[in-house]
2 protein chains.
Amino acid sequence: MTGETDRREAAERLALALVAVGMQRMAARALAAFLFSDEESLTAGDLADELEVSAGSVSGAIRTLAQLGLIERSFVAGSRREHFRMRENAWTTVYSRQHSMVDDVLSAAEKGVDAVGPGLARDRLLYMRDFYTFLLNEVPALVERFEQQRAGSQRSRGSGSRRRGGPRP
Amino acid sequence: MTGETDRREAAERLALALVAVGMQRMAARALAAFLFSDEESLTAGDLADELEVSAGSVSGAIRTLAQLGLIERSFVAGSRREHFRMRENAWTTVYSRQHSMVDDVLSAAEKGVDAVGPGLARDRLLYMRDFYTFLLNEVPALVERFEQQRAGSQRSRGSGSRRRGGPRP
DNA sequence: CCCTGTCTTCAGAAATTTCTGAACGTTCGC
DNA sequence: GCGAACGTTCAGAAATTTCTGAAGACAGGG
């Protein structure tokens, strides 16, 4: 189980990794706080305490995370404060979300194809377009496959496939 | 074919989209310049002219792109200047590259699992770990599939599958 | 009503990222 | 060698992003 300090440190490290993948700093820290909390849900105040930041920052982070579909409001019995919790499908959502930006890249490539005459440039743009088109078609299926596989192995808790290839080429 | 202005504009738009996916601004503009040029290769000077930026900026952008494996040196007959060109597999490379950051996220999740005792936090972290493990296993196969499909349809140039689903859910 | 606790907004401060320009190598032709 | 053309590095300027703190909106209790 290890101590509270280790937990905080692991959370910060995770937040850092998320920032590297493009998430805003404060939003990443907040998401990590949700992940690492044993509470069912957290309030803005909880987050401010945990992260030691201003209420304003928390407000912004919550807005961002909610907008991304990673957290949701959670109505709690007799509490006036607003509770939030991570959504079940948060991770698949982040992933798909990133692919909506891929969509923008694809559109740009297509506009490019229209803007140049035949030649090397057009060839390059066509290649690019094909790759991103491929991705846009395949990724949703990939995510779905994960969810099904997950649903299938409900019983065998606490494990899973658990393997990651060696260093990438 | 349309005019030179359209071409430049399309290039800038593409660069913008790449920035949104996390690429540095100048590197993105430079990559777009390579994409949209009908030349086989470009020199640092060409880029500086095309993008209207300082030699220093170009130098930095080239270093970045080369490091990412998106461009390579291209030795040209009797030219003293260094020529660069986009690598064939640039796009699959960017994609895989992004997934090396996914690897970092996964590591962070695993450290998290070790840092917390049984409970909700651990459950969330295990879920996260499983998803990213899945991705790390599947994505290389995905890229490979594209490359094979590509190699297969060498003949039917200028087209391809060409389809993109409606709005994502 | 007014007061208290909770959350949001926003202008400006702080931190970070990005670009430039000048100084410094290198290489090659002469 | 010397000069010119190219390219790189790096300190500081400029632009952008991110955070804060103070002011204010809103709901419910007293």
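The values are calculated or read from the model by the stated rules, or taken from the named source; none is laboratory data. Just so we're clear, the structure is a prediction, and the values are computed from it rather than from any experiment. Neighbour counts are summed over all protein chains in view; Cβ atoms, including those assigned to glycine, are modelled from backbone coordinates with ideal geometry. To get the accessible areas, we keep the full protein, side chains included, count just its heavy atoms, and leave off ligands, DNA and RNA. Shrake-Rupley method; radii C 1.70, N 1.55, O 1.52, S 1.80 Å.
One table, with the values for the structure above:
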item: Residue and distance (whole Å) for the chain A Cβ nearest the axis that superposes A on B; result: A:GLY22, 2
item: Derived scalar couplings ³J(HN,Hα) [region A:22-38; Karplus, 6.51 cos²θ - 1.76 cosθ + 1.60; whole Hz; x for Gly, Pro]; result: x, 7, 4, 4, 5, 4, 5, 5, 5, 4, 4, 4, 4, 4, 8, 8, 7
item: Accessible-area order (highest first, 1.4 angstrom probe) of the listed residues B:GLU82, B:GLU12; result: B:GLU82, B:GLU12
item: Under the Karplus curve 6.51 cos²θ - 1.76 cosθ + 1.60, θ = phi - 60°, whole-Hz ³J(HN,Hα) for region B:63-80, x wherever Gly or Pro sits; result: 4, 4, 5, 5, 4, 7, x, 8, 10, 8, 5, 9, 6, 10, 1, x, 10, 6
item: Nearest-first distances (nm) between copies at B:ASP123, label 7 Å from Cα via Cβ; result: 5.7
item: Value at 222 nm in deg cm²/dmol, rounded to 500, when DSSP H runs of n ≥ 4 in the protein assembly as shown each add -39,500 (n - 2.57); result: -22000 deg cm²/dmol
item: Where trypsin sites (Lys or Arg not before Pro) fall in DSSP loop in region A:41-82, at most 14 other Cβ within 10 Å; result: A:ARG80, A:ARG81
item: Cα centroid of region B:70-126 to Cα centroid of region B:2-62, whole Å; result: 22
item: Cβ-vector label at 7 Å, B:GLN148, separations to other copies in nm; result: 1.9
item: 3J(HN,Hα) from dihedral phi, region B:110-115, Karplus parametrisation 6.51/-1.76/1.60, rounded to Hz, x for glycine, proline; result: 5, 4, x, 4, 5, 8
item: Label distances, nm, A:VAL53 versus same residue in remaining copies, Cβ-directed 7 Å point; result: 2.9
item: Low-density loop cleavage sites - chymotrypsin sites (Phe, Trp or Tyr not before Pro) in region A:1-109, where at most 11 other Cβ are within 10 Å (DSSP); result: A:PHE75
item: Heavy atoms of B:ILE71: accessible area, 1.4 Å probe, square angstrom to 10; result: 10
item: Solvent-accessible area of A:MET101 with every protein chain in place, 1.4 Å probe, in Å² to the nearest 10; result: 60
item: Cβ-Cβ FRET estimate between A:ARG150 and B:ARG63, R0 fixed at 41 Å, reported to 0.05; result: 0.45
item: Probe 1.4 Å, accessible area per residue of chain B, Å²; result: 53
item: Built amide H within the under 5 Å cut-off of B:GLU82, gap 5+; result: B:ALA44
